[in-house]
Amino acid sequence: MNVRHISSPCCAIVLALCLSGCSLFGHRAPKYKWGFVDKNGKLVIAQTFSAVNGFHAYAEPDINDDPVQNFHEGLAAVAVGELWGYIDKTGKMVIPAQFTEAGNFSEGLACVARDGKFGFIDKTGQTAIDFDPYQNRRLGVTQSEFHDGLAPFQEKAGDKFGYCDKSGKFVIPPIYLDARPFADGLALVEKRFDDHYIWCVIDAAGKEIFFKTNLKYAGEGKFIESLSADEHYYCDSNGKRFSGALQLANSFSDGLAVAVNAGEFKWIHNIVNRNAYTVATATLEGAGDFREGLCPAAITNSRMSPVKLWGFIDRQGQWRIPATYINCQPFYDGIAAVTTKGKLSGYINHKGEMVIAPKYNRAHNFSEGLAAVGTQQGLID
């Protein structure tokens with residue numbers, strides 16, 4: 001249940017094709033070779049893969065994208081040609097490329113697709129939950145992860161959703177129109193109420209705690225209720241609002257979120273704590289999520305040429321790393337991916353020092369000591 005980062009004064013609408021959910025092949029798009037670097041910048045897994053999970057083929061890297069980390073529980077999904085398999089941190093293909101889609105491992109299982117059917121495999125590649133043509137087709141592999149021992153499941157002979165355990169048995173019956181993975185012991189489900197649709201928050205026992213017409217998870221047990229494109233409220237885990245009206249609302253991480261109050265200029269960003277109390281303000285054109293005490297933030301370089309440049313602010317709203325990049329991602333393991341004005345990506349540390357030179361066309365976040373990097377190799381016809 002992820003919430004997109006906020007960006008003001010307006011959000012760009014980008015047409016992107018995500019390889020983790022569908023195939024790029026057959027469309028003309030940049031062709032990349034992917035590998036993995038360690039925190040010293042050494043290419044420890046050669047750039048031999050045609051795709052990695054979370055790669056957006058058409059779009060430039062964007063702060064509005066959910067942060068991408070490729071290794072999960074020691075394995076990463078990679079594509080060889082048009083088929084997906086899994087490598088370990090030495091680059092060894094431990095589960096051969098045989099799937100048309102491949103999700104991340106979570107609690108020992110991963111959702112994959114093969115021959116038009118979806119199922120779950122364990123870390124040896126053995127089938128843990130049988131493949132079925134209806135099961136989780138609408139959710140796809142990215143929304144079918146196990147958390148708290150449960151994963152959203154589509155009933156085999158219908159279009160309703162519930163939650164199954166690792167044996168594939170429904171624990172929460174399939175009575176919902178849509179469902180999202182559990183996070184912090186709670187999950188979002190959609191249902192019809194009278195003549196309209198609502199989103200409910202349920203617990204692991206299937207108890208419906210509260211509902212709203214439009215609801216998103218905001219991290220750390222908080223939610224965002226949206227009444228319109230310009231009116232949002234933070235809610236606690238019982239559905240009680242604990243903020244005033246907000247023009248823009250970001251998700252919580254590191255105990256903080258970035259928000260813009262209704263009625264204020266959209267470039268006045270408030271840094272709020274878990275009670276929605278403002279602890280600092282900053283004049284910005286956009287902001288991401290806090291991680292490791294720093295938050296990606298943007299300003300424009302001039303009124304005549306309003307190009308957003310990105311850097312990092314601290315918890316007090318002060319600039320810690322100047323806004324000199326056309327894109328930057330949150331910090332993971334003390335390192336953040338950034339894209340220079342030359343449109344090449346590298347990595348910086350908390351001091352803003354470039355620790356891995358910007359020489360890649362794409363750079364993902366670090367996870368488990370490694371990060372995926374891509375180099376363009378021409379175009380796919």
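Coordinate-derived values only; no laboratory data. Just so it is clear, the structure is predicted and the values come from calculations on it, not from any experiment. With ideal geometry, Cβ positions are generated from the backbone for all residues, glycine too; neighbour counts draw on all protein chains shown.
All but one of (1) of a type in the set (D, E, K, R); (2) surrounded by fewer than 16 Cβ atoms within 10 Å (Cβ to Cβ); (3) within 20 Å of Q143 (Cβ to Cβ) hold for E190, so report the exception by its number.
In the conditions (1) of a type in the set (D, E, K, R); (2) surrounded by fewer than 16 Cβ atoms within 10 Å (Cβ to Cβ); (3) within 20 Å of Q143 (Cβ to Cβ), E190 misses (2) alone.
Across segment 121-174, what is the number of residues that are part of a strand (DSSP E or B), crowded, with 16+ Cβ neighbours inside 10 Å and of a type in the set (S, T, Y)?
1
Could you list all residues from segment 334-351 that are surrounded by 16 or more Cβ atoms within 10 Å (Cβ to Cβ) and either touching a helix residue (DSSP H, G or I) at 6+ places or on another chain (Cβ under 7 Å) or at positive phi (or both)?
none
Could you please give the count of residues in segment 179-212 that are touching a residue at least 40 places away in the same chain (Cβ under 8 Å) and either of a type in the set (S, T, Y) or assigned to a strand (DSSP E or B) (or both)?
5
Among G221, G255, which is the only one that is surrounded by fewer than 19 Cβ atoms within 10 Å (Cβ to Cβ), under 18 Å from the mean Cα position of the chain (by Cα) and of a type in the set (G, A, S)? Explain how you work it out, then say what you get.
Values: G255 fails: under 18 Å from the mean Cα position of the chain (by Cα).
Residue meeting the stated conditions: G221.
Return the residues of segment 304-336 that are closer than 15 Å to L284 by Cβ and hydrophobic (A, V, I, L, M, F, W, C); say none if nothing qualifies.
Within segment 304-336, V307, L309, W310, F312, I313, W319, I321, A323, C328 meet the criteria.
Which strands (runs of 3 or more DSSP E) does segment 239-331 wholly contain that include 1 or more residues that are free of Cβ contacts under 8 Å to residues at least 40 places away in the same chain and closer than 18 Å to Y347 by Cα?
295-300, 308-313, 319-325
If you go through segment 275-285 one residue at a time, do you hit one that is in contact with a Leu (Cβ under 8 Å, 6 or more places away or on another chain) and surrounded by 15 or more Cβ atoms within 10 Å (Cβ to Cβ)? If you could, list the steps in order and put the result at the bottom.
So in segment 275-285, the residues in contact with a Leu (Cβ under 8 Å, 6 or more places away or on another chain) come out as 279.
Checking which are surrounded by 15 or more Cβ atoms within 10 Å (Cβ to Cβ) leaves us with none.
Among the residues of segment 275-285, not one is in contact with a Leu (Cβ under 8 Å, 6 or more places away or on another chain) and surrounded by 15 or more Cβ atoms within 10 Å (Cβ to Cβ), which makes the answer no.
Only one of G374, G352 is part of a loop (DSSP other than H, G, I, E, B) and not hydrophobic (A, V, I, L, M, F, W, C); which?
Just a single option satisfies the conditions, and that option is G352.
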